[in-house]
Amino acid sequence: MGNLLKVLTCTDLEQEPNFFLDFENAQPTDAEREVWDQVDVVLKDAKEILDELQAYKGAGAEIREAIQHPSDEALQEQAWAAVVPLVGKLKKFYEFSQRLEAALHSLLGALTSETYDDPTQHLEREQALAKQFAEILHFTLRFDELKMTNPAIQNDFSYYRRTLSRMRINNVPAEGENEVNNELANRISLFYADATPMLKTLSDGTTKFVSENKNLPIENTTDCLSTMATVCKVMLETPEYRSRFTSEETVSFCLRVMVGVIILYDYVHPVGAFAKSSKIDMKGCIKVLKDQPPNSVEGLLNALRYTTKHLNDESTNKTIKSMLQ
């Protein structure tokens, strides 16, 4: 395959670029190595985070017993003992979101720099970094899908905070309080209160990246995102490209990445992804999603429906709105 990105000739400039991003095999060049190594450390832990979140069962039964029998000390202790290690996990997930944001900043710095003239060249020559950016988006949407379907997370954390404040009032030493002090508990609570906490971390992080790099035209960032969305769409709708994927997993990976960059673009671009002037072919992207087996993309369609910023703007094309109804 050689290049992550095969750029095929376009018959006219208006036509969208045809790319093949080799998400399966891209390897870092010497120029990419420094940033790639930093991000790789974070991505190595991402799988473990997803496994732990998937296995997260919560302490619902113990909490219910404790609440129903408030004067039974043994049940109170059981519930507390069940919740404390879980809160340690929730803290770990939250801290990972901070590391993910830092990794995103490193990648955006590389992929939007003035080294090359346009995002196509960046993606063509920084193949392994584009793949890492895609892996971050894939992780983010997967994390949020799992979190959304697990109400135990917020219940456990609320119980922990209520019990902790009661223990403080009664001057009971709280084992585990060193784990999460009050200020950190507030931040963690805000994180999980969001329906899609990792996506919020990334969209806030991308917005912050743009505002901190005032010398960098905002188009460098938005064009990088829109080009990536186009790349994914073209690969998914072109049988010749799609047949190059060696694993069916790569299809769902590609779909998640496409949705992820659309959402980031929608947050960072002044008028968003759904406006007429948007560089993303939203109708085409939604059509690609709707052409998949329905049960496999409902979560992604919901992400476009409920976590974008501009879908319900007056300026959004009615056809797009009805496609997402």
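Select from segment 205-219 the residues that are surrounded by 19 or more Cβ atoms within 10 Å (Cβ to Cβ) and in contact with a Ser or Thr (Cβ under 8 Å, 6 or more places away or on another chain) and write down the one among them that is farthest from residue 84 (Cα to Cα).
That would be 210.
Are any of the residues in segment 308-324 in contact (Cβ under 8 Å) with a residue 24 or more places away in the chain, in a helix (DSSP H, G or I) and under 25 Å from residue 135 (Cβ atoms)?
No: zero hits.
It is to be established whether one or more residues within segment 59-69 are outside any helix (DSSP H, G or I), more than 30 Å from residue 302 (Cβ to Cβ) and open to solvent by 10 Å² or more (accessible area, probe 1.4 Å). Give the derivation first.
First, pick out the residues of segment 59-69 that are outside any helix (DSSP H, G or I): 59, 69.
Now restrict to residues that are more than 30 Å from residue 302 (Cβ to Cβ): 69.
Subset that is open to solvent by 10 Å² or more (accessible area, probe 1.4 Å): 69.
Scanning segment 59-69, I find at least one residue that is outside any helix (DSSP H, G or I), more than 30 Å from residue 302 (Cβ to Cβ) and open to solvent by 10 Å² or more (accessible area, probe 1.4 Å), so the answer is yes.
Yes/no per residue for (1) without any contact (Cβ under 8 Å) to a residue 12 or more places away in the chain; (2) surrounded by fewer than 14 Cβ atoms within 10 Å (Cβ to Cβ); (3) of a type in the set (D, E, K, R); (4) not in a helix (DSSP H, G or I):
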position	(1), (2), (3), (4)
195	no, no, no, yes
203	no, no, no, no
229	no, no, no, no
232	no, no, no, no
235	no, no, no, no
245	no, no, no, yes
256	no, no, yes, no
260	no, no, no, no
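Determine, yes or no, whether residue 111 is open to solvent by less than 30 Å² (accessible area, probe 1.4 Å), in contact with a His (Cβ under 7 Å, 6 or more places away or on another chain) and at pLDDT below 95.
Values: open to solvent by less than 30 Å² (accessible area, probe 1.4 Å): yes; in contact with a His (Cβ under 7 Å, 6 or more places away or on another chain): yes; at pLDDT below 95: yes.
Yes.
Since residue 47 meets every condition but one in (1) outside any helix (DSSP H, G or I); (2) open to solvent by 70 Å² or more (accessible area, probe 1.4 Å); (3) under 30 Å from residue 234 (Cβ atoms), which condition does it not meet?
(1)
What pairs come up if the first residue lies in segment 153-174 and is in contact (Cβ under 8 Å) with a residue 12 or more places away in the chain, the second is open to solvent by 90 Å² or more (accessible area, probe 1.4 Å), and their beta carbons are under 9 Å apart, counting only those six or more places apart or on different chains?
159/67
Do the conditions hold for residue 162, that is, is it part of a helix (DSSP H, G or I) and modelled with pLDDT under 90?
no
Could you say whether any residue in segment 29-40 is open to solvent by 50 Å² or more (accessible area, probe 1.4 Å), under 22 Å from residue 146 (Cα atoms), part of a helix (DSSP H, G or I) and of a type outside the set (S, T, N, Q)?
Looking for residues that are open to solvent by 50 Å² or more (accessible area, probe 1.4 Å), under 22 Å from residue 146 (Cα atoms), part of a helix (DSSP H, G or I) and of a type outside the set (S, T, N, Q), one finds none in segment 29-40, hence no.
With respect to residue 311, is the statement that it is aliphatic (A, V, I, L, M) and either under 13 Å from residue 229 (Cβ atoms) or open to solvent by less than 10 Å² (accessible area, probe 1.4 Å) (or both) true? Spell out how you get there, then give the answer.
Working: aliphatic (A, V, I, L, M): yes; either under 13 Å from residue 229 (Cβ atoms) or open to solvent by less than 10 Å² (accessible area, probe 1.4 Å) (or both): no.
No: the conditions fail for residue 311.
Looking only at segment 142-167, how many residues end up being among the acidic types (Asp, Glu) and either open to solvent by less than 30 Å² (accessible area, probe 1.4 Å) or in contact with a Pro (Cβ under 7 Å, 6 or more places away or on another chain) (or both)?
Residues that pass the stated criteria total 2.
Quick one: residue 176 ticks every box in (1) open to solvent by less than 80 Å² (accessible area, probe 1.4 Å); (2) at pLDDT 80 or above except a single one, so which number is it?
(2)
Residue-by-condition table, conditions (1) modelled with pLDDT of 85 or more; (2) touching a His at 6+ places or on another chain (Cβ under 6 Å):
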site: 216; (1), (2): no, no
site: 230; (1), (2): yes, no
site: 265; (1), (2): yes, no
site: 272; (1), (2): yes, yes
site: 287; (1), (2): yes, no
site: 301; (1), (2): yes, no
site: 316; (1), (2): yes, no
site: 319; (1), (2): yes, no
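The values are calculated or read from the model by the stated rules, or taken from the named source; none is laboratory data. What you see is a predicted model; the values in this text were computed from it and never measured. Cβ: placed from backbone, ideal geometry, glycine included. Neighbour counts: every protein chain shown. The area values use the complete protein model at the heavy-atom level, side chains included, leaving out ligands, DNA and RNA. Shrake-Rupley method; radii C 1.70, N 1.55, O 1.52, S 1.80 Å.
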